[in-house]
Amino acid sequence: MIKIDKSNAAIPAILAEGGKGFSEIIHLKAKFEAGELDFKFNKKIYGDKSVKETLKAIQHDKCCFCEARVTHVSHGDIEHFRPKAGYKSRSKDRLTKPGYYWLAYDFSNLFFSCQLCNQKYKKWYFPIVDETRRAASHLHDWRDEESLILHPEFDDPEQHITFVAEVVKPKGESVKGDETIKRTGIDRRKLTDSRFDYLLLLRGLAALAKSDLPESEEAKVLFKDLGKSTAQYSSMVRSNFPDLV
């Protein structure tokens, strides 16, 4: 997981002020104030091609959580960081409604995700540090909350998550790191196996980069690229080869 920078991206017109998403948020707020707690959402708005393509470009076609390349094997999902329909703090909890309905079409709440991270693991989980500060509606400020799942844009995942070889671990005693790993499934077996296969190749490249062979300089340049946010599993690369990235 890496920090995602949206600062230079234009909000897609469908979500910007005056767009369909903006209008839909006004409608949802009015429904809440009329006493409704169960809402329907228009996937054609937040899942519009312009939204997905913008997020894919920002995230270099990588899942916001596991950093795997997505679109060469699946279409990928639009992930609502704060769940739109309802939320759970713990697995045994019942689904609490409403969710963060007023953020359903808010670009700051949307990310590009692989289907497994989104649908099988994170789903509607959204634990926070202090439940008394939970934003229960659009009348509250969600920025007063402190999420226990790392926000891909506002948090720096590398302060909370690290890798021992291919295995993802919380950094130090980070509760947020531990909760993020658990709730997004980035420690799942097949993903870990995929990182291990990649790591084997990287170890060979690292040996070449540290050698006296003529190809070592080219290997060093390549390692710099593999440690950039544009590359797959870049956080694992930086954790394992800090001297080469």
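The values are calculated or read from the model by the stated rules, or taken from the named source; none is laboratory data. Computed from a predicted model, the values in this text were never measured in an experiment. Note: ideal-geometry Cβ built from the backbone for every residue, glycine included; neighbour counts use all protein chains shown. SASA here: full protein model, heavy atoms, side chains in, ligands and nucleic acids out. Shrake-Rupley method; radii C 1.70, N 1.55, O 1.52, S 1.80 Å.
Just a few scattered comments:
- Whole-percent carbon and sulfur share, accessible surface of the chain, 1.4 Å: 52 percent
- Accessible surface of ILE14 - all protein chains present, 1.4 Å probe, nearest 10 Å²: 30 Å²
- Shape parameters for region 140-185, alpha-carbon atoms, Rg then Dmax in Å: 11.4, 42
- Of the chymotrypsin sites (Phe, Trp or Tyr not before Pro) found in region 154-245, those that fall in a DSSP loop while having at most 14 other beta-carbon atoms within 10 Å are PHE154.
- Region 99-149: relative contact order as a whole-number percent, Cα under 8 Å and 6+ apart: 39 percent
- Cleavage-rule hits, trypsin sites (Lys or Arg not before Pro), region 52-117, DSSP coil, Cβ neighbours within 10 Å at most 16: ARG90, LYS92, ARG94
- In region 123-236, Rg over Rh equals 1.12, where Rg is the alpha-carbon radius of gyration and Rh the Kirkwood radius from pairwise Cα distances.
- Trypsin sites (Lys or Arg not before Pro) within region 140-241: DSSP coil, no more than 15 neighbouring Cβ in 10 Å: LYS210, LYS228
- Candidate cross-link partners of LYS20 among the aspartates and glutamates, defined by an alpha-carbon separation under 19 Å and a same-chain spacing of 8 or more, comprise ASP48, GLU53, GLU79, ASP106.
- Dipole orientation for the chain: of the candidates LEU28, PRO242, THR230, LEU28 has the Cα lying most toward the positive pole (charges on Cβ; Lys, Arg +1; Asp, Glu -1).
- Along the chain, the exposed loop sites are GluC sites (Glu not before Pro) outside DSSP states H, G, I, E and B with at most 14 other Cβ atoms within 10 Å, and the longest stretch free of them is 37-145.
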